[in-house]
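S.K.: Below is a structure I'd like to ask you about.
The values are calculated or read from the model by the stated rules, or taken from the named source; none is laboratory data. Only a predicted model underlies this, so the values are computations on that prediction, with no experimental measurement involved. With ideal geometry, Cβ positions are generated from the backbone for all residues, glycine too; neighbour counts draw on all protein chains shown. In case anyone asks, the SASA skips ligands and DNA or RNA and just uses the protein heavy atoms, side chains included. Shrake-Rupley method; radii C 1.70, N 1.55, O 1.52, S 1.80 Å.
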Amino acid sequence: NLSNVNMSTVFANYISSYPSDSSMILSATSPAKNSGFGSVDMGPFGGPNPYKLSCIPAFPTIYQLTAPPATTNNILPVTISTRSNN
C-alpha cells in the first residue's frame, strides 16, 4: 500500500480530470503489474475474468448492417459486418 504513487506511472492513459474506463489500463511498467494475489495484474483488467472496455460482451457482435433497396430481379444485396470481442 503506497499513498504517494503518481497515477500516471500506474495507468497507461491516466487523465486525472476526466477518468474513463480506458484510462484504467495498466502501463507496461506499472508497479501494479503481476503484484496482485497469485501474481496477477491488479485492477479491473487483471485476474481470471478481466473487465472489458465499455461493457463489450465476450461474444461476436454485429456492428453494421447495410440493406439498400432491392435491385433488378428482386435481389437484396445485404452486407453484415461482425467482429469477435474475445
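S.K.: Just need a number here: residues in the stretch 24-72 that are open to solvent by less than 70 Å² (accessible area, probe 1.4 Å), more than 21 Å from Val10 (Cβ to Cβ) and either among the charged types (D, E, K, R) or at pLDDT 80 or above (or both).
M.R.: Residues that pass the stated criteria total 4.
S.K.: For Tyr18, which of the numbered conditions (1) among the aromatic types (Phe, Trp, Tyr); (2) part of a loop (DSSP other than H, G, I, E, B); (3) out of contact with any Phe, Trp or Tyr (no Cβ under 7 Å at 6 or more places or on another chain); (4) modelled with pLDDT of 75 or more fails to hold?
M.R.: Only one criterion in (1) among the aromatic types (Phe, Trp, Tyr); (2) part of a loop (DSSP other than H, G, I, E, B); (3) out of contact with any Phe, Trp or Tyr (no Cβ under 7 Å at 6 or more places or on another chain); (4) modelled with pLDDT of 75 or more is unmet by Tyr18, namely (4).
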